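The values are calculated or read from the model by the stated rules, or taken from the named source; none is laboratory data. Note that this is a predicted model, so its numbers are computed, not measured. As a convention, Cβ positions derive from the backbone with ideal geometry for all residues, glycine included, and neighbour counts pool all protein chains shown. Side chains are part of the model used for accessible areas, which takes the heavy atoms of the whole protein and leaves out ligands, DNA and RNA. Shrake-Rupley method; radii C 1.70, N 1.55, O 1.52, S 1.80 Å.
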Amino acid sequence: MDYFITNLVISALLLTAVKWLNQAPARLHLMLLLFALLCWFIPWHNIELSIGDITTFLPNVQLWSFGSLPESVGSLSTPQLDGALNINQASGWQRMLAALHQLYLSVPFTTFFLCLSLAGLALFGCDVWRYRQYLTGLKQDAMPGDELLAQADLESTLAFGRQVKVKITLASQPGMATGLFSPVIWLNQHFSQSKHVNNILLHELTHLRQFDPLLKWLAAFSKRVFWWNPVVKWIVDTLELVIEVNCDQICYQKNREKYRISLAEIIWQQNQAQQLHNTAGMAGIATIHHANSVNIKRLKALEVEKKMKFSYLLVAGMSLFMTTLACAHLNSRGLAPVTERLHAKAIHFKNQRAKQPPMPVFLPRTEANSEYNRQIQQLIELSQSALSADVDELDQLFHLIKTWDANRAALGAPESKNDYFATNNSLEKRMVMQVVSILHFLLQQQDKSSEIVALLGRYFPEPERMPQFYRHHLARAYLRLADARKATEIMQLFDYSSEKIRPNTISMMVRAFVEDGQYEKALEIVEQRLAMTPASTQLQYLKYGVLIESSDYAGAEQVSHLLQQQDKKISNPLTRELSMLWSPVLDHI
């Protein structure tokens, strides 16, 4: 699901809740804003949809039989897609949009986000350096003032045994709090002798008790990492204000109106000072004085004491509940249509297969084949719900068949059970292929590409010796995982100089190269095959697709003209959904 849409919805819901709860205590606002901010660090975009995922859903199923192990089965189809792009009819702006879209696809989201984040981390590193330099300067002329806490009747020991130190300096705001494990209150020498010193110390000590310097660092880190994101900046700015308002409200509960009057006088005196040491933008520092606009809002927030009410908690809880529902909906919406379409495709093909003889899975009834046929019958009985639309049921069935396979009797030597490469027993090899086919189908119907990679790696750990048909499905899984480089590595194990290579293999290799941005290699493969079979319409469609994906519209127009001379409808086969594997076991349920 789109990372930005998810987080924009979360931020909108929680910022709206904060607006509605303007009469609630600031600590409730603080909780909601922190939740909104932390959500931007969650990678919601764990599903990336390709163009083929949003095109017309057409049946595209590959079959295979265990009578032999062909390098590829079937041939490349040429779907008649509604609304397919005809390069002769494309306007200038359509070509420009297509070029921009191709540029967008060529830069993976993760890479783009990483580059922006690295720039932000560099800025954050500068913030840390400035912070350390600033504190080093303060320490040079600082004087100890720990006795002031005792005089103000304030506890100097915080949670986890943290001991607060007070340092008096000329180069600071009226009061500042820094440090997480070794907290320090920095007190301006002018204010250390004023009547407001107790309230200043109370304010900064409250910051330290609430771990506000840590929240300040989180806010600074977020602002830098998401320097390009105005929504995060808005959240951080609001969060920094709420941190101060929350601290003020806690202090107000202790000293009541005296604190509010003292705060107003401190702000006024600091604004009148001839030399104002500005710490604006300094990360990790909690201070009593801020910009005038912030200070005005803080004073207004203290006009009326704000107490927690059940209605406020109810609104906050409902906002979090709505956020959870929105996340669940938005992030399941990307998966649900895929699994629903896969189910519809399987049912459609099952109905078609019902009109044809089922693919053979049983061997002749002989004594030697009896155990194999018995196990096949068990596998068929276990697989009765393999066409269910319920992904949870499919997942349960997957684990049930895995358990059955682990406990079944070996058809060859016991030590070579489930080891396709170790066994010389043809019956065990057949059984492994049948089991893998139905397990693969179940994972495929759940759109679990990572698990498919693991499944094929378990049964066929050496890709070079993997049954060639399964290389297609391993490459397909890698493409679904947006790992085109791995897909190309698998497909390059085929010998493309051989005339026995079928169009399905060519198509998968070309698709992998295109999704990896290697358009020249994709075109080279197609041209190599066209030199062998120049009359192949299927290869012409593939060439057209490669040229379109590489934005070579002049070359695509030439291929389009050749296809139109054959009365063919122009379409791009590379925008089709990847084909699925149909297990022979499914013909018998």
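Between the C-alpha center of the range 498-520 and that of the range 205-222 there is a gap of 54 Å. Here the accessible area of the range 456-529 is 43 percent carbon and sulfur, with a 1.4 angstrom probe and all protein chains present. Other residues whose C-beta falls under 12 angstrom from the C-beta of Q352 contribute a net charge of +3, scoring Lys and Arg +1 and Asp and Glu -1. For D146, which sequence-distant residues (separation of 5 or more, or a different chain) have an amide H within less than 5 Å of its own amide H, given hydrogens modelled in the peptide plane? For D146, the qualifying residues are V166. Across every direction, the projection of the convex hull enclosing the Cα atoms of the range 144-230 has a mean area of 6.6 nm². In the range 345-399, taking the dipole from charged Cβ atoms about the Cα centre, the farthest positive-side position among Q375, H348, S385 is held by H348.
Solvent exposure of the range 494-587, expressed per residue, is 40 Å² of accessible area, with all protein chains present and a 1.4 angstrom probe.
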